[in-house]
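Single-structure report; data block below.
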Amino acid sequence: MNIRELEELIKNQIEEVIINIIEQHQTLNISAKSRAGAEISDWLENKFIEYTINHHYLKNSESAPKGKTKNPWDVRTFFQLNNLEEEIWIDFKAFKVSGEDSNPDIGTPDKIIKFIEKGGFYLLYIYVYYEEIKDGLKFVKQNDKFTKAYFLKDISSSVRRTSTNQLQVNISAEAVYRTRDEFIELLMEKIREGLIRQLEKAQKRLQEIEDK
């Protein structure tokens with residue numbers, strides 16, 4: 001098994017768990033108003049732990065400490081195959097179907113840099129979609145799928161770093177396979193571009209102040 005096949009196996013095994021959860025719990029008694037995404041994420045975290053207790057590949061799953069909104073992952077699990085063990089970070093993103101053209105923040109680049117520095121690498125995004133119903137919300141399919149899953153390393157090249165040091169990408173942007181080296185090169189390029197934009201805006205603002 002080569003590295004690309006291994007990565008596909010990891011992604012598919014995790015996505016399969018989430019699809020199984022959704023298929024067995026298609027409606028939730030959660031208001032589809034403000035902060036529904038955070039509540040859905042909390043619910044998925046708990047269910048993921050429950051559904052991977054005896055999983056063949058996914059071991060020692062744990063959810064983010066409650067109340068710590070700045071935790072770098074929603075769920076952490078360990079993929080085990082023979083003598084291999086990979087720590088996998090999972091970040092859930094829940095989207096109301098009416099907001100299909102949104103550009104959500106997906107986290108600071110600092111967290112993946114720190115993860116890589118300590119020997120990790122795989123941050124997996126899991127998108128789920130919902131619509132409002134009378135008594136809460138219902139999971140729905142987007143492009144005939146309940147989920148969209150991709151590793152940060154495979155993120156669309158349209159990703160950008162914002163002035164608040166967040167990575168941001170359109171939810172419809174398609175993932176592109178990359179090697180680790182290719183991802184690190186892309187990440188450094190996006191950080192550099194973001195900092196240059198930030199610097200240019202600051203210089204422009206300073207000039208405007210001086211011209212008054």
Response to the item:
Taking only the alpha-carbon atoms of the chain, the convex hull volume per residue, in cubic angstrom, is 153
Worksheet, complete the sentence: Cα-based Rg/(2.2 N^0.38 Å) for region 100-195, rounded to two decimals, is 1.21
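Hey, got a sec? Which GluC sites (Glu not before Pro) in region 58-116 land in a DSSP loop and have at most 13 other Cβ atoms within 10 Å?
Details: sites: Glu62, Glu85, Glu86, Glu87, Glu100; in loops: Glu100.
For GluC sites (Glu not before Pro) across region 58-116 that sit outside H, G, I, E and B with at most 13 neighbouring Cβ atoms in 10 Å, the list reads Glu100.
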Item to complete: Would you list which lysines come within 24 Å of Lys153, measuring only between C-alpha atoms, while excluding same-chain residues fewer than 8 positions from it?
Response: Lys11, Lys59, Lys70, Lys93, Lys111, Lys114, Lys118, Lys145, Lys190
Worksheet entry | Virtual spin-label span in nm between Asn2 and Asp181, 7 Å along Cα→Cβ | 1.5
Discussion item. For a quick check, take a GNM of the chain with Cα springs below 10 Å and name the residue from Leu58, Leu195, Leu84 with the largest mean-square fluctuation.
Written reply: Leu84
Worksheet item: Between Asp42 and Ile133, 0.36 nm times their residue separation minus their Cα-Cα distance comes to what?
Response: 30.8 nm
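Compute the accessible area per residue over the chain, keeping the other protein chains in place, probe 1.4 Å, unit Å².
Details: 11930 Å² over 212 residues.
Accessible area per residue: 56 Å².
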Worksheet entry | the chain: angle of helix 180-210 to the longest principal axis, Cα-based, in degrees nearest 10 | 40
Worksheet, complete the sentence: Taking a straight Cα-to-Cα line shorter than 13 Å from Lys141, and setting aside same-chain aspartates and glutamates fewer than 8 residues away, one finds Glu23, Glu100, Glu131
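The values are calculated or read from the model by the stated rules, or taken from the named source; none is laboratory data. Here the structure is a predicted model, which means the values were calculated and not measured. Reconstructed Cβ throughout: ideal geometry from the backbone, glycine too, with neighbour counts over all protein chains shown. With ligands, DNA and RNA removed, areas are computed over all heavy atoms of the protein, side chains included. Shrake-Rupley method; radii C 1.70, N 1.55, O 1.52, S 1.80 Å.
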